[in-house]
Amino acid sequence: MKDKVTSFYKDAAGAVDAGLRKYMLNVFSYMSAGLALTAVVAYCASCSPTLMGFLYGAPLVSILMAFAPLAIAIYLTAKLGSISAERAKTLFLVYAASLGLSMSWIFAVYSGSSIVGTFFITSSMFLSMVVYGYVTDKDLTNWGAYLTMALIGLIIASVVNMFTRSSGFELLISAIGVVVFTGLTAYDAQVIKSYYFDSDSVEISEKKAIFGALRLYLDFVNLFFYILRFMGSRRD
């Protein structure tokens with residue numbers, strides 16, 4: 001009898017592990033698709049002088065392009081519980097594409113080799129912290145509060161530096177940004193893992209995966225930006 005009970009719990013645990021792996025793979029699949037779309041849109045836009053002139057030639061268009069991705073991300077987060085998984089996927093891809101348009105300037109400012117090198121450095125750091133957040137038994141809940149406060153401070157400092165234009169202060173902000181989003185990557189990976197329940201329907205599991213992909217996507221993009229600003233080589 002004891003052997004049967006033990007076997008039952010082993011089978012149940014195995015089923016949960018398999019379901020969790022599938023769920024996390026879904027998260028990374030959506031995140032990777034979003035990053036790929038952002039990169040393609042940003043590069044293609046940068047290759048069109050006409051489009052670049054339209055995006056950055058008029059202040060109003062530049063402001064709209066800067067805030068459009070934020071508006072889509074807020075809407076997606078707020079409506080995720082009431083919309084279908086298919087619509088959530090569409091909105092996530094629209095968000096990734098819009099961010100690609102707003103990021104197209106980096107190809108005009110930074111060298112191609114610098115962008116590629118930063119991408120690989122970011123990927124290595126990101127994957128290391130995701131794995132740590134996923135496998136560690138340490139509760140990273142406390143990280144969330146401290147990192148959120150640091151993020152608020154980072155935003156305030158960035159706004160202040162828009163007026164002071166201090167290169168030294170910008171370098172310091174970039175270094176702090178790398179630390180903050182490195183920590184947030186591990187924290188978010190653990191939080192996303194905790195979202196999984198083997199009793200979830202396919203629809204709910206898909207929407208959780210999309211929300212998780214959005215969180216990790218934002219971590220990756222911000223980490224990439226801060227590393228690029230910190231060590232990227234600008235075009236002459």
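Read-outs: derived from the displayed coordinates by stated rules, not from any lab. In this text, all values refer to a predicted model and were calculated from it rather than measured experimentally. Quick reminder, even Gly has a Cβ in these numbers, built from the backbone with ideal geometry, and neighbours come from all protein chains shown.
Among 109-119, 92-102, 213-223, 194-204, how do they line up from the highest to the lowest mean number of other beta-carbon atoms within 10 Å?
Top of the packing list down: 213-223, 92-102, 109-119, 194-204.
Please compute P(r) over all alpha-carbon pairs of region 105-174, binned at 5 Å starting from zero, and give each bin as a whole-number percent.
Each 5 Å bin holds this share of Cα pairs: 3, 12, 12, 16, 21, 19, 11, 5, 1.
Please give the charge dipole size of the chain, origin at the Cα centre, charges +1 on K and R Cβ atoms and -1 on D and E Cβ atoms. Round to the nearest 20 debye.
Approximately 160 debye in magnitude.
Could you tell me what % of all Cα pairs in region 97-137 have separations over 13 Å?
Tail of P(r) above 13 Å: 65 percent of Cα pairs.
Calculate for the chain the 222 nm mean residue ellipticity that helices alone would give, adding -39,500 (n - 2.57) per DSSP H run of length 4 or more and normalising by residue count, nearest 500 deg cm²/dmol.
Details: 9 runs with 203 residues, N = 236.
Mean residue ellipticity, 222 nm, calculated: -30000 deg cm²/dmol.
Across region 2-231, how many lysine pairs, 8 or more apart or on two chains, come within less than 17 Å at their alpha-carbon atoms?
12
Quick one: which residues, 5 or more positions from Y110 or on another chain, have an amide H under 5 Å from its amide H? H modelled 1.01 Å from N in the peptide plane, none for Pro or chain starts.
Result for Y110 returns R235.
Could you calculate, for region 159-236, the ratio of the Cα radius of gyration to the Kirkwood radius, expressed as Rg to Rh?
Dividing the radius of gyration by the Kirkwood radius yields 1.17.
Starting from 0.36 nm per residue, how many nanometres of slack lie between A36 and R165 once their C-alpha separation is accounted for? Walk me through the numbers before you get to the answer.
Values: separation 129, 0.36 × 129 = 46.44 nm, distance 3.21 nm.
Stretched out fully, the A36 to R165 stretch lengthens by 43.2 nm.
Please give the Cα centre distance for region 121-196 versus region 9-88, rounded to the nearest Å.
19 Å
Would you mind computing, in nm to one decimal, how far apart the modelled labels at S84 and S158 are, each placed 7 Å from Cα along Cα→Cβ?
3.5 nm
Counting only C-alpha contacts under 8 Å and six or more residues apart, can you give the relative contact order of region 2-231 as a whole percent?
Relative contact order of region 2-231: 31 percent.
What are the radius of gyration and Dmax of the chain, computed over its Cα atoms and given in Å?
20.1, 76
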